[in-house]
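Peer 1: The structure follows.
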Amino acid sequence: MAKTFTTRSTLGLTKPAPSVIPQIAFSAKEIEFSEWKGDLLAVAVLEKDMSKDESFKFKNAILRRLDILLGGLLGDTSAEEDFAGKTGQLTLIRLRESGFRRIGLFGLGQSTLSPAPTTYQGLGEAIAAAAKAVQASNVAVVLASSEGFSEDSKLNTASAIASGIMLGVYEDERFKTESKRLLLKSVDILGLEAGAGIDSKLRYTGDVCSGVILARDLANSPANVLTPGMRMTEGSAIDLNFIAPLLVVLADEASKIASMYDDVLTATILDEDQCKEYKMGSYLGVAAASANPPRFIHIHYKPPNGQVKAKLAIVGKGLTFDSGGYNLKTGPGCFIERMKLDMGGSAAALGAAKSIGQIKPPGVEVHFIVAACENMISGTGMRPGDIITASNGKTIEVNNTDAEGRLTLADALVYACKQGAEKVVDLATLTGACVVALGPTIAGVFTPSDELVKELLTAAEVTGEKFWRMPLEDSYWESMKSGVADMVNTGERPGGAITAALFLKQFVDEKVQWLHIDMAGPVLNEKKKSATGFGVSTLVEWVLKNSSS
């Protein structure tokens, strides 16, 4: 007879379907578009490419050749549909006597000598949407204009297009009773210097996208399915063999990542008792009210060979649900229904760990750290006015139980510094104040290190993710002082994102370069009502820039 257990982590008995990851073969080919055969030829067009000469022929060489190949259909259709190459414009033409069944003109807007990654990621997303609409299984992409592109620009442009297509094709349908079939199987990028360099870049892009998709899946998972850990006690009539398939335990997901790439990754999972040994009172105070136990996650990346020249740590906030505790989230605008997303930082950290495990950069050691828990309400929970002690010995008067993320990060940052990390980056959906300041698509960056912020923003220039450095105003710390402890956990309402960052700074070794990312805005795509996987691509790029490659 199977052992039976009590658990509170299966509310609703909802079981996610397996995630269906797009299996798309990306390749770069040096062939003429006229020689390509397939379902959809996607032509990216700048506004200047649409200009015509006195005989109404395209001045752009590629569009002119295409128009001749199609017997003037391209020029006629673009004129009839008023296609001018503006950003977001799209014209699809169905063909009968051609090697490709359809041709699509995709507008890129104004000319630019230094192509922005967001422009070509947007192109990739538009191509993905068109491919789904016409049920294309193979696509080719050609740029009407790529003159003036450096070799790096060509590589990054191809990467951005591939990233946009792969992430645009993917939809999280694990909780839908009917799912759409993924038809797109191959994408050929024409005319951007095919060879070992671009093929390697496209493989790298696929590895990064797999981490982004994992991060999206984790952040999209509801709190009744995704838990930090699972508490079990004997005596219930619930069969564990029935319950287990319904669970997505964050700590187990971390262990799975490490086991998939066990040549370079190892996972250490600390339970409550082990966290007590580390004196993580700040983190455990937040976790105390939940029926689902906390799990402290540490994935360690070591390069397969060679000397380690840089030691990094990535710390992600891991609140699988945040009720606010006794300072319960109430009223319009509190967004309690979105609080499954409060582990977006940990999703990014684990997604980056997966990508790094696949890429295996040399010369760099990385610690991925998550203090996972829930912030709930019960008789055992943390109360306003309580004083808790973090693992570095500092005491905190809790004046707001809804400022819990910084309490979990406090012990995680202390732990990260003790691993010997020379540079630490933390990501957290930390404050609504940062969303008010920067809006829904830009993350705030706080750091005393000019060098480290330059590294991050340089990485972001490649990925297209948006960050903005915010002031770390030391004078604001005055509002964080307590009369009975070393500090309180929230200051005055004005400058709330700054005081939150100043709080975290108290738990970082002065010898360690540290940077805090408040990603409360860009964690969610409001239009798609889905997590974005924000941070993964920039973190991976940052790690690679610190490697010896």
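Peer 1: If a residue has to be buried (at least 17 other Cβ atoms within 10 Å of the Cβ) and in contact (Cβ under 8 Å) with a residue 40 or more places away in the chain to count, how many in region 471-486 make the cut?
Peer 2: The qualifying residues number 1.
Peer 1: Among the residues of region 395-450, which ones are acidic (Asp, Glu), farther than 20 Å from residue 482 by Cβ and either open to solvent by less than 20 Å² (accessible area, probe 1.4 Å) or touching a residue at least 12 places away in the same chain (Cβ under 8 Å) (or both)?
Peer 2: Listed by number, the residues that qualify are 422, 426.
Peer 1: Do we find that residue 535 is surrounded by 21 or more Cβ atoms within 10 Å (Cβ to Cβ), touching a Leu at 6+ places or on another chain (Cβ under 8 Å) and on the phi < 0 side of the Ramachandran plot in this structure?
Peer 2: no
Peer 1: In addition: Quick one: what pairs do we get from region 156-185, first residue under 17 Å from residue 137 (Cα atoms), second among the basic types (Lys, Arg) and surrounded by 18 or more Cβ atoms within 10 Å (Cβ to Cβ), C-beta under 8 Å, 6+ apart or different chains?
Peer 2: 170/216
Peer 1: Return the only residue of 457, 515 being surrounded by fewer than 18 Cβ atoms within 10 Å (Cβ to Cβ) and within 21 Å of residue 356 (Cα to Cα).
Peer 2: When all the criteria are applied, what remains is 457.
Peer 1: A further question follows. Only residues in region 352-370 that are within 23 Å of residue 317 (Cα to Cα) count as the first member; pair them with residues that are of a type in the set (Phe, Trp, Tyr) and modelled with pLDDT of 95 or more, Cβ under 6 angstrom, at least 6 apart or cross-chain, and list the lot.
Peer 2: 353/368; 356/301; 357/261; 366/301
Peer 1: Still on this structure, please answer the following. List every residue pair whose Cβ atoms lie under 6 Å apart, where the two residues are 6 or more positions apart in sequence or sit on different chains, the first residue falls within region 520-549 and is within 26 Å of residue 496 (Cβ to Cβ), and the second residue, located anywhere, is of a type in the set (Phe, Trp, Tyr).
Peer 2: Partner pairs satisfying both residue conditions: 522/534; 523/534.
Peer 1: In region 369-388, how many residues are more than 15 Å from residue 294 (Cβ to Cβ) and either hydrophobic (A, V, I, L, M, F, W, C) or surrounded by 18 or more Cβ atoms within 10 Å (Cβ to Cβ) (or both)?
Peer 2: 2
Peer 1: What are the pairs with Cβ atoms under 8 angstrom where one residue, in region 376-388, is in contact (Cβ under 8 Å) with a residue 24 or more places away in the chain and closer than 9 Å to residue 326 by Cα and the other, located anywhere, is of a type in the set (Phe, Trp, Tyr) and part of a loop (DSSP other than H, G, I, E, B)? Sequence gap at least six, or different chains.
Peer 2: Close Cβ pairs (under 8 Å, with a partner that is of a type in the set (Phe, Trp, Tyr) and part of a loop (DSSP other than H, G, I, E, B)) amount to 377/326; 381/326; 382/326; 383/326; 384/326.
Peer 1: Please work out which one of (1) acidic (Asp, Glu); (2) at pLDDT 95 or above; (3) closer than 28 Å to residue 134 by Cα is the condition residue 199 fails and give its number.
Peer 2: (2)
Peer 1: When you look at residue 161, is it more than 23 Å from the chain's Cα centre (by Cα) and not in a loop (DSSP other than H, G, I, E, B), yes or no?
Peer 2: No: the conditions fail for residue 161.
Peer 1: Failed condition for residue 207, given (1) open to solvent by less than 20 Å² (accessible area, probe 1.4 Å); (2) under 29 Å from residue 525 (Cβ atoms), with all others met?
Peer 2: Going through (1) open to solvent by less than 20 Å² (accessible area, probe 1.4 Å); (2) under 29 Å from residue 525 (Cβ atoms) one by one, residue 207 breaks only (1).
The values are calculated or read from the model by the stated rules, or taken from the named source; none is laboratory data. Just so we're clear, the structure is a prediction, and the values are computed from it rather than from any experiment. Glycine gets a Cβ as well: all are built from the backbone with ideal geometry, and neighbour counts include every protein chain shown. Ligands, DNA and RNA are excluded from the accessible area calculation, which covers all protein heavy atoms including side chains. Shrake-Rupley method; radii C 1.70, N 1.55, O 1.52, S 1.80 Å.
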